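Please read the structure below before turning to the comments.
The values are calculated or read from the model by the stated rules, or taken from the named source; none is laboratory data. Quick caveat: nothing in here was measured; it's all calculated off a predicted structure. Quick reminder, even Gly has a Cβ in these numbers, built from the backbone with ideal geometry, and neighbours come from all protein chains shown.
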Amino acid sequence: MSAGTGAAPADLIAENAPTRAYLAATTGGAHPPLDPELPGYRRFRSWFTRPLLSRPAILDADEARRLDHDLPLLLRTLQALPDRLFGGDQESFARALGWTQPSARVALRKLSGPPVPLGRADLVRGPEGFRLVEFNTSSSLGSMEFGELCRAVLGDPGFTGFAAAHALDFHDPMPLMAATLLETAGWRAARRPTIALVDWVTSPVTVNASLFIDLLSELGFPIVVCTVKDLEFGAGGLVARGERIDVVYRTFLFKTVAEDPAADELLEPLAQAVAHGAARVFSPLNADLFGSKLCLAMLSDADAADPLTPDEREVVDRVLPWTRSMRGADATPAPGGGSLAEYARAHRGELVLKPSIGHAGRGVVAGWLTEQDAWDALVRAACAGDHVVQRRADSVAERFHAPGAAGPATATCYLHWGLFVTAAGLSGGFVKGLLDREQDIRFLGDGSHVGCVFHSAVRPTRQQ
């Protein structure tokens with residue numbers, strides 16, 4: 001069963017006022033279309049070669065204001081789960097999420113720390129507002145470089161005048177992340193700290209970090225790129241490739257550490273440096289725990305002893321689709337009677353199965369794109385593993401120009417939004433999607449088009 005093709009029906013197209021104004025201006029000739037061949041785009045395009053959407057996505061003032069409230073609150077609520085549900089016992093929390101490997105336990109004991117206000121919410125915009133489908137909480141977040149695309153678009157004659165006339169602006173994730181790093185590291189020296197971008201000795205994903213490194217360097221940070229095996233701790237502090245390191249920026253996933261039997265030995269120099277106050281780590285390994293989809297199930301599945309405040313519950317119920325753990329689902333009561341497993345089999349068309357631990361949408365299965373027999377088998381397997389089932393978050397579509405097309409924007413796209421959170425609140429983001437295709441929530445791969453995000457400039461980015 002494959003995703004349908006063709007433009008979205010008219011009743012599923014919904015755009016806010018600034019987006020409609022931009023589409024009208026480009027269709028009517030008041031502004032030329034964007035031209036990604038202009039010199040201002042070269043730096044971004046040399047790093048990111050996938051096709052671009054014909055325009056940026058735009059948040060109106062109300063959407064930006066609400067997201068600036070909701071997303072930091074959701075991140076803080078996720079980070080409060082160990083205290084509220086496990087009496088502050090982080091190891092019990094980790095085991096409940098499926099982190100049972102010996103290396104996971106050792107790594108958490110070595111390199112855990114206080115919650116860090118850094119994350120990326122993955123959302124869709126539905127008929128009643130934005131809905132959260134995942135929250136990524138590691139320092140290994142991707143796509144913080146999209147502020148560079150915003151700069152290119154803002155300098156494009158096809159957008160410069162419109163942005164000025166409609167008071168549009170953007171948040172650049174990189175300097176906001178850097179400010180968060182300095183704040184959480186307690187850095188008070190006049191000089192910028194030397195940062196080591198540290199990967200694991202093996203990595204499941206190859207990432208082009210060239211633009212990230214350039215942007216961080218332009219913010220004044222000396223950068224060393226290395227693996228965890230290159231770190232050495234001694235009388236001279238933490239050293240990598242001959243350079244004294246002040247802050248380790250962790251680019252590897254906790255999942256990679258947990259699966260490596262040699263993690264204890266590999267982490268020891270860094271753990272010693274942190275324990276002696278010779279270096280800081282951004283972000284600590286326990287930051288990854290809060291990105292587990294089982295955490296979303298803990299928020300969604302409230303019982304009589306709801307651990308959330310009324311404000312938190314209001315946001316969770318409004319933003320997070322119904323989400324449940326599939327562990328033991330054949331014996332878990334479901335809405336309306338029967339078991340959760342029976343409910344999942346019967347409601348295939350409105351549900352998504354997701355591995356609790358994973359990234360980039362891998363392993364995610366949409367029921368409406370799966371035949372019943374295959375879905376039933378997946379549900380049975382999920383009952384014995386660490387999966388969640390989540391209600392489909394329906395999207396509304398927006399209009400774009402198809403590549404090379406002239407005239408009105410007739411292609412449609414169900415956008416997937418990646419919005420960053422830092423200590424400053426809502427901190428920019430990006431969008432991606434497939435033109436004229438049915439909504440799909442799986443890994444979009446190279447077929448997706450991407451774009452940057454602007455917002456109505458209702459306020460400067462706040463500090464929490």
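Filtering region 53-108 down to residues that are part of a helix (DSSP H, G or I) and touching a Cys at 6+ places or on another chain (Cβ under 7 Å), which residue is farthest from G119 (Cα to Cα)? Only one residue fits best here, namely L81. Could you please let me know if G40 is surrounded by fewer than 16 Cβ atoms within 10 Å (Cβ to Cβ) and in the same structural domain as A152 (by TED's automatic domain parsing)? No: the conditions fail for G40. Within region 436-464, the residues that satisfy the criterion of being in contact with a Gly (Cβ under 9 Å, 6 or more places away or on another chain), among the hydrophobic types (A, V, I, L, M, F, W, C) and at pLDDT 90 or above are V450, C452, V453. The conditions of being in the same structural domain as L181 (by TED's automatic domain parsing) and touching a helix residue (DSSP H, G or I) at 6+ places or on another chain (Cβ under 8 Å) are not met by F400. State yes or no: is D330 of a type in the set (D, E), over 30 Å from G237 (Cα atoms) and not in a loop (DSSP other than H, G, I, E, B)? Taking the combined requirement at face value, the residue satisfies it.
So which residues in region 351-385 are in a helix (DSSP H, G or I) and more than 17 Å from A297 (Cα to Cα)? Within region 351-385, G367, W368, L369, Q372, D373, A374, W375, D376, A377, L378, R380, A381 qualify.
Only residues that are in contact (Cβ under 8 Å) with a residue 40 or more places away in the chain and touching a Lys or Arg at 6+ places or on another chain (Cβ under 6 Å) were counted in region 358-371, giving 2.
Checked against the criterion of being crowded, with 20+ Cβ neighbours inside 10 Å, modelled with pLDDT of 95 or more and either not assigned by TED's automatic domain parsing to the domain that holds D288 or not acidic (D, E) (or both), the candidates H171, H166 yield just one match: H171.
Kindly check whether there is at least one residue in region 228-235 that is more than 28 Å from G418 (Cα to Cα), basic (K, R) and assigned to a helix (DSSP H, G or I). Scanning region 228-235, I find at least one residue that is more than 28 Å from G418 (Cα to Cα), basic (K, R) and assigned to a helix (DSSP H, G or I), so the answer is yes.
Being within 30 Å of A152 (Cβ to Cβ) and out of contact with any helix residue (DSSP H, G or I) (no Cβ under 9 Å at 6 or more places or on another chain) is the requirement here; does D62 meet it?
Numbers: within 30 Å of A152 (Cβ to Cβ): yes; out of contact with any helix residue (DSSP H, G or I) (no Cβ under 9 Å at 6 or more places or on another chain): yes.
Yes.
Residues in region 35-45 that are touching a residue at least 12 places away in the same chain (Cβ under 8 Å) and in a helix (DSSP H, G or I): 4 in all. Of R324, R318, all but one fail to be of a type in the set (D, E, K, R), in a strand (DSSP E or B) and modelled with pLDDT of 95 or more; the exception is R324. Taking region 91-138 as the range and being touching a Ser or Thr at 6+ places or on another chain (Cβ under 7 Å) and under 12 Å from N286 (Cβ atoms) as the test, the residues that pass are L97, V116, S138. Residue count for region 253-284, restricted to those that are closer than 28 Å to R188 by Cβ and not charged (D, E, K, R): 16. Condition check: touching a Lys or Arg at 6+ places or on another chain (Cβ under 9 Å), surrounded by fewer than 18 Cβ atoms within 10 Å (Cβ to Cβ), at pLDDT 95 or above and not aliphatic (A, V, I, L, M). Does W200 satisfy that? Criteria not met by W200.
Within region 142-177, being over 20 Å from Y249 (Cβ atoms) and assigned to a helix (DSSP H, G or I) holds for L149, C150, R151, A152, V153, L154, T160, G161, F162, A163, A164, A165.
Is it the case that region 263-274 has a residue that's under 28 Å from R131 (Cα atoms), in contact with a helix residue (DSSP H, G or I) (Cβ under 7 Å, 6 or more places away or on another chain) and assigned to a helix (DSSP H, G or I)? Steps first, please.
Filtering region 263-274 for residues under 28 Å from R131 (Cα atoms) gives none.
Among the residues of region 263-274, not one is under 28 Å from R131 (Cα atoms), in contact with a helix residue (DSSP H, G or I) (Cβ under 7 Å, 6 or more places away or on another chain) and assigned to a helix (DSSP H, G or I), which makes the answer no.
For S143, state whether it is in contact (Cβ under 8 Å) with a residue 24 or more places away in the chain, under 17 Å from the mean Cα position of the chain (by Cα) and on the phi > 0 side of the Ramachandran plot.
yes
Test A393 against the stated conditions and say whether it is part of a helix (DSSP H, G or I), of a type in the set (G, A, S) and either under 21 Å from S138 (Cα atoms) or out of contact with any Ser or Thr (no Cβ under 9 Å at 6 or more places or on another chain) (or both).
no
Given the criteria assigned to a strand (DSSP E or B) and not charged (D, E, K, R), does V207 qualify? So V207 fails the test. On the stretch given as region 46-59, residues that are crowded, with 17+ Cβ neighbours inside 10 Å and more than 20 Å from the chain's Cα centre (by Cα) total 2.
Within region 119-130, can one find any residue that is in contact with a Leu (Cβ under 8 Å, 6 or more places away or on another chain), surrounded by fewer than 20 Cβ atoms within 10 Å (Cβ to Cβ) and under 18 Å from G428 (Cα atoms)? Checked against the condition, which is being in contact with a Leu (Cβ under 8 Å, 6 or more places away or on another chain), surrounded by fewer than 20 Cβ atoms within 10 Å (Cβ to Cβ) and under 18 Å from G428 (Cα atoms), region 119-130 yields at least one hit. Of all residues in region 223-235, at least one satisfies being touching a residue at least 24 places away in the same chain (Cβ under 8 Å) and under 30 Å from P36 (Cβ atoms). For G337, the stated conditions do not hold, so it cannot be described as without any contact (Cβ under 8 Å) to a residue 60 or more places away in the chain, in a loop (DSSP other than H, G, I, E, B) and touching a strand residue (DSSP E or B) at 6+ places or on another chain (Cβ under 9 Å).
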